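Taking it in order: structure first as C-alpha coordinates, then the write-up.
The values are calculated or read from the model by the stated rules, or taken from the named source; none is laboratory data. Since the structure is predicted, the reported quantities are computational estimates derived from the model, not experimental observations. As a convention, Cβ positions derive from the backbone with ideal geometry for all residues, glycine included, and neighbour counts pool all protein chains shown. Heads up: the accessible areas ignore ligands, DNA and RNA and are worked out on the full protein's heavy atoms, side chains in. Shrake-Rupley method; radii C 1.70, N 1.55, O 1.52, S 1.80 Å.
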Amino acid sequence: MKMTEENNDGNSTITMEDVQSLIKKKDTIEEQIKAYYDVLEDQEVGMEGPLVDAEGFPRADVNVYQIRTARHTISCLQNDHKAIMVEIEEALHRLHALEKAKREQDQAESQTESMEQEVTLPSPFARVDAVSQGSPACQAGLQISDEIIAFGSINTGNFQNLQNIASVVQHSEGRPLNVTVIRNGQKTQMGLTPQRWSGRGLLGCNIVPIHR
(Lines give C-alpha, C1' and ligand atoms only; values in the text may rest on other atoms or scores of the structure.)
Protein backbone atom coordinates (compact mmCIF):
# COMPACT_ATOMS: atom_id res chain seq x y z
CA MET A 1 0.00 0.00 0.00
CA LYS A 2 1.41 3.40 -0.97
CA MET A 3 1.01 5.75 1.95
CA THR A 4 3.09 8.69 0.89
CA GLU A 5 3.76 10.72 -2.18
CA GLU A 6 6.54 13.11 -3.01
CA ASN A 7 5.73 16.78 -3.45
CA ASN A 8 7.64 19.28 -5.57
CA ASP A 9 10.10 19.95 -2.76
CA GLY A 10 10.96 16.28 -2.39
CA ASN A 11 9.37 16.05 1.07
CA SER A 12 6.96 13.22 1.81
CA THR A 13 3.42 14.16 2.64
CA ILE A 14 0.70 12.21 4.42
CA THR A 15 -3.01 12.76 4.77
CA MET A 16 -5.68 11.69 7.24
CA GLU A 17 -6.94 9.28 4.55
CA ASP A 18 -3.56 7.53 4.67
CA VAL A 19 -3.83 7.15 8.45
CA GLN A 20 -7.40 5.86 8.19
CA SER A 21 -6.25 3.31 5.61
CA LEU A 22 -3.58 2.05 8.03
CA ILE A 23 -6.13 1.83 10.85
CA LYS A 24 -8.45 -0.16 8.59
CA LYS A 25 -5.60 -2.56 7.81
CA LYS A 26 -4.89 -2.92 11.56
CA ASP A 27 -8.55 -3.73 12.21
CA THR A 28 -8.48 -6.40 9.51
CA ILE A 29 -5.39 -8.01 11.06
CA GLU A 30 -7.07 -8.01 14.49
CA GLU A 31 -10.17 -9.68 13.03
CA GLN A 32 -7.98 -12.38 11.42
CA ILE A 33 -6.12 -13.00 14.67
CA LYS A 34 -9.42 -13.41 16.52
CA ALA A 35 -10.70 -15.83 13.90
CA TYR A 36 -7.62 -18.07 14.27
CA TYR A 37 -7.85 -17.89 18.07
CA ASP A 38 -11.45 -19.07 17.75
CA VAL A 39 -10.12 -22.12 15.86
CA LEU A 40 -7.79 -22.93 18.76
CA GLU A 41 -10.51 -22.40 21.34
CA ASP A 42 -12.85 -24.70 19.46
CA GLN A 43 -10.26 -27.47 19.83
CA GLU A 44 -9.45 -26.42 23.40
CA VAL A 45 -5.68 -26.27 22.91
CA GLY A 46 -4.82 -22.55 22.76
CA MET A 47 -1.34 -21.44 21.68
CA GLU A 48 0.56 -23.67 24.12
CA GLY A 49 -1.52 -26.85 24.51
CA PRO A 50 0.30 -30.14 23.69
CA LEU A 51 -0.34 -31.74 20.30
CA VAL A 52 1.01 -35.17 21.26
CA ASP A 53 -0.33 -37.73 23.71
CA ALA A 54 1.46 -39.23 26.70
CA GLU A 55 3.26 -41.67 24.41
CA GLY A 56 4.51 -38.97 22.07
CA PHE A 57 2.13 -39.64 19.21
CA PRO A 58 0.03 -36.93 17.53
CA ARG A 59 -3.21 -36.50 19.37
CA ALA A 60 -6.13 -38.13 17.64
CA ASP A 61 -8.78 -35.96 19.34
CA VAL A 62 -7.74 -32.74 17.61
CA ASN A 63 -6.84 -31.58 14.08
CA VAL A 64 -3.08 -31.20 14.55
CA TYR A 65 -2.47 -29.71 11.10
CA GLN A 66 -5.19 -27.12 11.54
CA ILE A 67 -3.90 -26.16 14.97
CA ARG A 68 -0.29 -25.79 13.79
CA THR A 69 -1.45 -23.71 10.83
CA ALA A 70 -3.54 -21.48 13.09
CA ARG A 71 -0.67 -21.01 15.59
CA HIS A 72 1.82 -20.15 12.84
CA THR A 73 -0.60 -17.74 11.18
CA ILE A 74 -1.36 -16.03 14.51
CA SER A 75 2.38 -15.51 15.14
CA CYS A 76 2.80 -13.98 11.69
CA LEU A 77 -0.27 -11.78 12.09
CA GLN A 78 0.92 -10.60 15.51
CA ASN A 79 4.19 -9.49 13.94
CA ASP A 80 2.21 -7.72 11.20
CA HIS A 81 0.09 -6.09 13.90
CA LYS A 82 3.16 -4.75 15.72
CA ALA A 83 4.54 -3.37 12.46
CA ILE A 84 1.28 -1.68 11.47
CA MET A 85 0.99 -0.09 14.93
CA VAL A 86 4.46 1.41 14.46
CA GLU A 87 3.42 2.69 11.02
CA ILE A 88 0.27 4.28 12.47
CA GLU A 89 2.20 5.98 15.26
CA GLU A 90 4.79 7.35 12.83
CA ALA A 91 2.08 8.47 10.40
CA LEU A 92 0.21 10.33 13.17
CA HIS A 93 3.41 12.06 14.27
CA ARG A 94 4.14 13.12 10.70
CA LEU A 95 0.56 14.26 10.14
CA HIS A 96 0.61 16.37 13.30
CA ALA A 97 3.99 17.82 12.31
CA LEU A 98 2.65 18.76 8.87
CA GLU A 99 -0.46 20.35 10.39
CA LYS A 100 1.69 22.31 12.85
CA ALA A 101 3.98 23.46 10.03
CA LYS A 102 0.97 24.55 7.98
CA ARG A 103 -0.49 26.52 10.90
CA GLU A 104 2.86 28.24 11.45
CA GLN A 105 3.12 29.00 7.73
CA ASP A 106 -0.42 30.43 7.67
CA GLN A 107 0.37 32.59 10.70
CA ALA A 108 3.60 33.81 9.11
CA GLU A 109 1.80 34.65 5.86
CA SER A 110 -0.93 36.47 7.79
CA GLN A 111 1.66 38.50 9.69
CA THR A 112 3.48 39.29 6.45
CA GLU A 113 0.25 40.47 4.82
CA SER A 114 -0.52 42.62 7.85
CA MET A 115 2.98 44.13 7.79
CA GLU A 116 2.73 44.77 4.06
CA GLN A 117 -0.62 46.48 4.55
CA GLU A 118 0.79 48.65 7.32
CA VAL A 119 3.71 49.61 5.09
CA THR A 120 1.47 50.54 2.16
CA LEU A 121 -1.10 52.52 4.21
CA PRO A 122 -0.67 56.29 3.79
CA SER A 123 0.08 58.39 6.85
CA PRO A 124 -3.04 59.81 8.55
CA PHE A 125 -3.38 63.57 8.73
CA ALA A 126 -6.14 63.85 11.36
CA ARG A 127 -7.67 61.91 14.23
CA VAL A 128 -11.19 61.67 15.61
CA ASP A 129 -11.21 62.42 19.35
CA ALA A 130 -14.97 62.74 19.95
CA VAL A 131 -18.19 61.43 18.36
CA SER A 132 -21.67 62.49 19.52
CA GLN A 133 -24.41 59.90 19.80
CA GLY A 134 -27.02 60.16 17.06
CA SER A 135 -24.85 62.43 14.93
CA PRO A 136 -24.15 61.97 11.21
CA ALA A 137 -20.61 60.88 12.13
CA CYS A 138 -21.95 58.28 14.57
CA GLN A 139 -24.45 56.95 12.03
CA ALA A 140 -21.68 56.66 9.43
CA GLY A 141 -19.66 54.47 11.82
CA LEU A 142 -16.91 56.92 12.70
CA GLN A 143 -15.26 56.06 16.03
CA ILE A 144 -13.01 57.79 18.52
CA SER A 145 -9.30 57.26 17.71
CA ASP A 146 -9.99 56.66 14.02
CA GLU A 147 -7.08 58.12 12.05
CA ILE A 148 -8.18 59.82 8.84
CA ILE A 149 -6.25 59.22 5.60
CA ALA A 150 -8.96 60.47 3.22
CA PHE A 151 -11.91 62.83 3.73
CA GLY A 152 -13.74 63.47 0.49
CA SER A 153 -11.19 65.14 -1.80
CA ILE A 154 -8.76 65.72 1.10
CA ASN A 155 -5.90 63.24 1.51
CA THR A 156 -2.46 63.05 3.05
CA GLY A 157 -0.88 64.69 0.02
CA ASN A 158 -3.01 67.85 -0.08
CA PHE A 159 -4.07 68.34 3.56
CA GLN A 160 -2.85 71.60 5.05
CA ASN A 161 -5.10 72.34 8.02
CA LEU A 162 -8.55 71.63 9.46
CA GLN A 163 -10.02 74.43 7.36
CA ASN A 164 -9.62 72.10 4.37
CA ILE A 165 -11.99 69.60 6.00
CA ALA A 166 -14.41 72.35 7.10
CA SER A 167 -14.60 73.65 3.54
CA VAL A 168 -15.36 70.19 2.13
CA VAL A 169 -18.07 69.66 4.76
CA GLN A 170 -19.75 73.01 4.04
CA HIS A 171 -19.84 72.35 0.30
CA SER A 172 -21.11 68.79 0.73
CA GLU A 173 -24.15 69.25 2.95
CA GLY A 174 -26.68 66.50 2.16
CA ARG A 175 -24.23 64.64 -0.07
CA PRO A 176 -22.24 61.55 1.05
CA LEU A 177 -18.49 61.88 1.40
CA ASN A 178 -16.10 58.95 1.13
CA VAL A 179 -14.08 58.81 4.34
CA THR A 180 -11.19 56.39 4.86
CA VAL A 181 -9.63 55.80 8.27
CA ILE A 182 -7.07 53.55 9.90
CA ARG A 183 -8.65 51.58 12.74
CA ASN A 184 -6.66 48.98 14.70
CA GLY A 185 -4.05 48.95 11.96
CA GLN A 186 -6.63 48.20 9.25
CA LYS A 187 -8.01 50.48 6.56
CA THR A 188 -11.76 51.14 6.93
CA GLN A 189 -13.98 53.03 4.49
CA MET A 190 -17.39 54.60 5.12
CA GLY A 191 -19.85 57.08 3.68
CA LEU A 192 -20.41 60.22 5.78
CA THR A 193 -23.19 62.68 4.84
CA PRO A 194 -22.84 66.16 6.43
CA GLN A 195 -26.31 67.32 7.48
CA ARG A 196 -28.30 69.20 10.10
CA TRP A 197 -29.11 67.23 13.23
CA SER A 198 -30.14 67.96 16.82
CA GLY A 199 -26.59 68.85 17.86
CA ARG A 200 -24.00 71.34 16.70
CA GLY A 201 -22.41 71.37 13.27
CA LEU A 202 -22.97 69.09 10.31
CA LEU A 203 -20.92 66.11 11.49
CA GLY A 204 -21.24 65.76 15.26
CA CYS A 205 -17.63 64.84 15.80
CA ASN A 206 -14.37 66.52 16.71
CA ILE A 207 -11.34 66.11 14.48
CA VAL A 208 -7.82 67.15 15.42
CA PRO A 209 -4.78 67.32 13.13
CA ILE A 210 -1.92 64.87 13.47
CA HIS A 211 1.43 66.63 13.42
CA ARG A 212 4.20 64.59 11.85
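A few notes on this one:
- For segment 26-161, size of Cβ-based charge dipole, Lys and Arg +1, Asp and Glu -1, in debye: 460 debye
- Computed from label points 7 Å out along Cα-Cβ, the spacing between Met16 and Glu48 is 4.4 nm.
- Positive end of the dipole of the chain (Cβ unit charges, origin at the Cα centre): among Cys76, Val86, Phe125, the Cα lying farthest that way belongs to Phe125.
- Only helices enter this figure: runs of n ≥ 4 DSSP H residues, each worth -39500 (n - 2.57), summed and divided by the residues of the chain, yield -16500 deg cm²/dmol at 222 nm to the nearest 500.
- By a 1.4 Å probe calculation restricted to protein chains, Val86 has an accessible surface near 70 Å², given to the nearest 10.
- Accessible surface, 1.4 Å probe, highest first, among residues Ser172, Ser132: Ser132, Ser172
- Candidates Thr180, Gln170, His211 compared by Cα position along the dipole of the chain: farthest toward the positive end lies Gln170, with charges placed on Cβ.
- Compactness check for segment 79-209: Cα Rg over 2.2 N^0.38 Å is 1.79.
- Approximating the spin labels as points 7 Å out from Cα along Cα→Cβ, the Ala60-to-Gln143 distance works out to 9.4 nm.
- The alpha-carbon of Lys82 sits under 29 angstrom from the alpha-carbons of these lysines, leaving out residues fewer than 8 places away in its chain: Lys2, Lys24, Lys25, Lys26, Lys34, Lys100.
- DSSP beta bridges fully contained in the chain are about 100 percent antiparallel.
- The length gained on full extension between Asn178 and Glu90, counted as 0.36 nm times the residue separation minus their Cα-Cα distance, comes to 26.0 nm.
- Relative contact order (%) - criterion: Cα under 8 Å, at least six apart; region: the chain: 17 percent
- Span-like helix ranges in the chain, DSSP H, alpha carbon extent 15 angstrom or more, Kyte mean at least -1.0: 16-42, 64-120
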